[in-house]
1. Quick one: residue A:100 ticks every box in (1) more than 11 Å from the chain's Cα centre (by Cα); (2) aromatic (Phe, Trp, Tyr); (3) not in a loop (DSSP other than H, G, I, E, B) bar one, so which box is it?
2. Of all residues in the range B:76-89 being among the hydrophobic types (A, V, I, L, M, F, W, C) and loosely packed, with under 15 Cβ neighbours inside 10 Å, which is farthest from the other protein chains (Cβ to nearest Cβ)?
3. Inspect all residues belonging to the range B:99-111 and state whether any of them is within 13 Å of chain A (Cβ to nearest Cβ) and surrounded by fewer than 15 Cβ atoms within 10 Å (Cβ to Cβ).
4. Among the residues of the range A:75-111 satisfying the criterion of being among the aromatic types (Phe, Trp, Tyr), open to solvent by 10 Å² or more (accessible area, probe 1.4 Å) and at pLDDT 95 or above, which is farthest from residue A:23 (Cα to Cα)?
5. Which residues, taken from the range A:55-76, are within 14 Å of chain B (Cβ to nearest Cβ) and over 13 Å from the mean Cα position of the chain (by Cα)?
6. Of B:53, B:92, which residue is acidic (Asp, Glu) and facing chain A (nearest Cβ under 10 Å)?
Amino acid sequence: DTAVSQTPKYLVTQMGNDKSIKCEQNLGHDTMYWYKQDSKKFLKIMFSYNNKELIINETVPNRFSPKSPDKAHLNLHINSLELGDSAVYFCASSHSGSSYEQYFGPGTRLTVT
Amino acid sequence: SQQGEEDPQALSIQEGENATMNCSYKTSINNLQWYRQNSGRGLVHLILIRSNEREKHSGRLRVTLDTSKKSSSLLITASRAADTASYFCATEPTGNTPLVFGKGTRLSVIA
């Protein structure tokens, strides 16, 4: 049973398009995250949601809009895709509060051409 | 802002040898965590050490934390080819801020 799942696993699209990545967790966690991992493997947090409420929004272009319909889902919508958006995007979840490990999804490799 | 810095960036060892990776960070932390990432996969949590702990063990893993030097080390003993992966340290700064990941150490274990 997959704990944190993402779809799609691969996404190839052209500049200017709009795309969405979906994430679901079945761990009963109340906090979910989106991370971006660039070609140099640097992992940077983009957003964090706790109980469907946005709690962290790092410096991310407003073309990126997260949506959390419920505690188990956190989707990422990207408008007007740019070449620099090419990366691997990871969803993760955890319990809220301090000192909890995060569980990561398998990642979505986005390639913008 | 980036906090953790792993050292070395890449490490290649023979199967059976021990592998040591280091992590340095800049600010006060609640805890420090180590994660493993196999090629093309998501990160997997390995171990968490709290700021008031100095050493922790889990199987073949040994983690140390020196808050005075703002550094941590991950030791993998008796390495196996299956340990080949990238290893990331992540710090949870004080003040309810999110985990900050380093750039990782790429470990290659040669059979």
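The values are calculated or read from the model by the stated rules, or taken from the named source; none is laboratory data. This one's a predicted model, so the numbers in the text were calculated from it and none came from an experiment. Here the Cβ positions follow ideal geometry from the backbone for every residue, glycine too, while neighbour counts run over all protein chains shown. Side chains are part of the model used for accessible areas, which takes the heavy atoms of the whole protein and leaves out ligands, DNA and RNA. Shrake-Rupley method; radii C 1.70, N 1.55, O 1.52, S 1.80 Å.
1. The single condition residue A:100 does not satisfy is (3).
2. Residue satisfying both the conditions and the ranking: B:78.
3. no
4. Among those that are among the aromatic types (Phe, Trp, Tyr), open to solvent by 10 Å² or more (accessible area, probe 1.4 Å) and at pLDDT 95 or above, it is A:103.
5. A:55, A:59 - these are the residues of the range A:55-76 that are within 14 Å of chain B (Cβ to nearest Cβ) and over 13 Å from the mean Cα position of the chain (by Cα).
6. From the options B:53, B:92, the qualifying one is B:92.
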